[in-house]
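Remarks on the structure that follows.
The values are calculated or read from the model by the stated rules, or taken from the named source; none is laboratory data. Remember, predicted model here, so these are calculated numbers, not experimental data. Neighbour counts run over all protein chains shown; Cβ positions are idealised from the backbone, glycine included. These accessible areas exclude ligands, DNA and RNA; they are computed on the full protein's heavy atoms, side chains included. Shrake-Rupley method; radii C 1.70, N 1.55, O 1.52, S 1.80 Å.
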Amino acid sequence: PSRQGVAGGAAVTGFNEKRRDFDQELDAEAEEPLAEMEILDTDSGEEREKKLQMLVVYHHRLQERERRKRFIVERGLLKSQAIQAEDKKRSREERDLRAQFRVFARHLDSDKYEALVQGLWHEQQLRGGAAEGQG
C-alpha cells in the first residue's frame, strides 16, 4: 500500500517521522573528531583547552544540523511529491520568480516567505498588465 505525505517520502528523504530524524544526518562526519578523544586528568592545560574547543565546534555543528532539520520540517520540504505537483500548477514565470527569491526562504518563516513571493508575483502581473495597456 502506498503511503502519502511525509511517511510516503521517507524512502526518498530518509526522514523518520516518529524519531524526527534523518537516516543520514547532515554533516554526518561531525562526530568523527570526537570518536577517540578522551579528556584525561593527565592532559596538559593546552591539550585540555584544545579538546574543549573541539567540543565547542562540535556543539555548533549540532546546532546547525538541528536548525536545518527544523527548516526542512517546518516548511514541509519532505513532501516532495506535493511540492512538485504544486509547482507544476504554476506558470513558468512564477516558477522562475520563486527560484530567484528562494534564497530568502532561510531568513523568513514560511508564512512571511510565501507572502513575499505572492506579493512579488502579484506586482509582476500588475506591471505586465500595465505594460500591455501602454503598448
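Between a first residue in segment 113-130 that is more than 29 Å from Ile72 (Cβ to Cβ) and a second residue that is modelled with pLDDT under 90 and surrounded by fewer than 11 Cβ atoms within 10 Å (Cβ to Cβ), which pairs have beta carbons less than 9 Å apart while being 6 or more apart in sequence or on different chains?
Qualifying pairs under 9 Å: none.
Six or more apart or on different chains, Cβ atoms under 7 Å: show the pairs whose first residue is in segment 71-97 and free of Cβ contacts under 8 Å to residues at least 40 places away in the same chain and whose second is aromatic (Phe, Trp, Tyr) and open to solvent by less than 70 Å² (accessible area, probe 1.4 Å).
Qualifying pairs under 7 Å: Glu94/Trp121; Leu97/Trp121.
Matching residues to (1) in a helix (DSSP H, G or I); (2) open to solvent by 80 Å² or more (accessible area, probe 1.4 Å); (3) at pLDDT 90 or above:
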position: Gly76; (1), (2), (3): no, no, no
position: Gln81; (1), (2), (3): yes, yes, no
position: Gln84; (1), (2), (3): yes, yes, no
position: Ala99; (1), (2), (3): yes, no, no
position: Ala105; (1), (2), (3): yes, no, no
position: Tyr113; (1), (2), (3): yes, no, no
position: Leu116; (1), (2), (3): yes, no, yes
